[in-house]
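Heads up, the thing below is written out as structure tokens.
The values are calculated or read from the model by the stated rules, or taken from the named source; none is laboratory data. Since the structure is predicted, the reported quantities are computational estimates derived from the model, not experimental observations. Glycine also receives a Cβ, built like all others from the backbone with ideal geometry; neighbour counts cover every protein chain displayed.
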Amino acid sequence: MTNPKKKIVAVLSDLMFMVKIQEAAKGAGLEAIFVKSEQEALARAKENPAVMILDLNNAGVQPLDVIAKLKADEQTSGVNLLGYVSHVQADLKKAAQEKGCDMVIARSAFSQNLPAILRRYAAA
């Protein structure tokens, strides 16, 4: 019996980052699933992804609300949440951490280190 491929769920709408995440996930042996709504994010989180990636500047959802709901739900509170944000938005970074986001990094660092970040989640 083969193990099902580990998944990552990304809540974002930026096509450039979708391509980067897709390629990095493939390289790490992960399946990337992209969602654009809060309902989809909450549903996919119940599938126990290796990590859930949130663009904290995503205008299509309220990322802070998504984080709070995921951490408040017994079924999804253990999901690893990785948010990325512009390096100048220290207040948003702090707010995301206070809501329960496990790691928040600058958009540039996220982009630059994405393959290594996803390999770490794949190995966990």
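Mind checking which pairs have a first residue in segment 45-69 that is under 14 Å from Met103 (Cα atoms) and a second that is among the aromatic types (Phe, Trp, Tyr) and in a helix (DSSP H, G or I), Cβ under 7 Å, 6 or more apart or different chains?
Close Cβ pairs (under 7 Å, with a partner that is among the aromatic types (Phe, Trp, Tyr) and in a helix (DSSP H, G or I)) amount to Ala50/Tyr121; Val51/Tyr121; Asp55/Phe17.
For segment 85-110, enumerate the residues that are under 15 Å from Leu54 (Cβ atoms) and of a type in the set (Ser, Thr, Tyr).
The one that is under 15 Å from Leu54 (Cβ atoms) and of a type in the set (Ser, Thr, Tyr): Ser86.
Among what's in segment 77-92 and is of a type in the set (Ser, Thr, Tyr) and surrounded by fewer than 17 Cβ atoms within 10 Å (Cβ to Cβ), pick the residue that is modelled with the lowest pLDDT. Quick ask: steps written out before the conclusion?
Step one: of segment 77-92, the residues of a type in the set (Ser, Thr, Tyr) are 77, 84, 86.
Next, from what is left, pick out any that are surrounded by fewer than 17 Cβ atoms within 10 Å (Cβ to Cβ): 77, 86.
Details: Ser77: 95, Ser86: 91.
The selected residue is Ser86.
Residue check: is Ala10 surrounded by 15 or more Cβ atoms within 10 Å (Cβ to Cβ) and aliphatic (A, V, I, L, M)?
Details: surrounded by 15 or more Cβ atoms within 10 Å (Cβ to Cβ): yes; aliphatic (A, V, I, L, M): yes.
For Ala10, the condition - surrounded by 15 or more Cβ atoms within 10 Å (Cβ to Cβ) and aliphatic (A, V, I, L, M) - is met.
Inside segment 33-76, can you point out the residues that are of a type in the set (A, V, I, L, M), outside any loop (DSSP other than H, G, I, E, B) and crowded, with 20+ Cβ neighbours inside 10 Å?
Val35, Ala41, Ala45, Val51, Met52, Ile53, Leu54, Val66, Ile67, Leu70, listed by residue number.
For segment 55-76: of the residues being within 14 Å of the chain's Cα centre (by Cα) and of a type in the set (S, T, N, Q), which is nearest to Glu38 (Cα to Cα)?
Result: Gln62.
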